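Since every read-out is calculated from the coordinates, none of them should be taken as a lab result. Bear in mind that the values here come from a model prediction, so they are computed numbers and not experimental data. Backbone-built Cβ (ideal geometry, glycine too); neighbour counts: all protein chains shown.
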Amino acid sequence: MKLLLNQLDALITLFKPHCLETETLVELQAMLRREAEWPKAHYLFTRIRSKNINALKGGDTRAEAQYAFEEICAQTLHNLSGSKKPFDPDTPYWIIPIALKSARILGLDPQKIIDIATS
């Protein structure tokens, strides 16, 4: 689990400077190291989803890519909390594919995602 948390932290750190709005991204990164807060990741996911819907409606593909990445990270943290109402069990397996897509949209080298995923 420590490896997953380190990789999520590295991915967030990579994306953050390329995002215009980082409020929930910063919250997500802070939540990574506070296991007691992981159950709150469901509420964070709901807030991110709302922002993603607005990005979709506004045609903002950069924000949509960012929020899709944030959503999957929040879902993963919520599942790690041991919740009795988890998201789909395959959630963590979507982190890298979504991060790769987000990297392309944000203009980042996808190899950086691969490097983090294989570290």
Residue 83 meets each of (1) touching a residue at least 24 places away in the same chain (Cβ under 8 Å); (2) in contact with a Pro (Cβ under 7 Å, 6 or more places away or on another chain); (3) closer than 14 Å to residue 8 by Cα; (4) not charged (D, E, K, R) with one exception, condition (3)
Of the listed residues (74, 68), the one being within 18 Å of residue 30 (Cβ to Cβ) and within 8 Å of the chain's Cα centre (by Cα) is 74
Taking segment 35-81 and keeping only residues that are part of a loop (DSSP other than H, G, I, E, B) and either among the polar types (S, T, N, Q) or crowded, with 19+ Cβ neighbours inside 10 Å (or both), one is left with 81
Within segment 105-119, of all residues that are free of Cβ contacts under 8 Å to residues at least 24 places away in the same chain and assigned to a helix (DSSP H, G or I), the one nearest to residue 61 (Cα to Cα) is 110
Out of (1) in contact (Cβ under 8 Å) with a residue 24 or more places away in the chain; (2) of a type in the set (S, T, N, Q); (3) under 16 Å from residue 23 (Cβ atoms), the one residue 54 does not meet is (1)
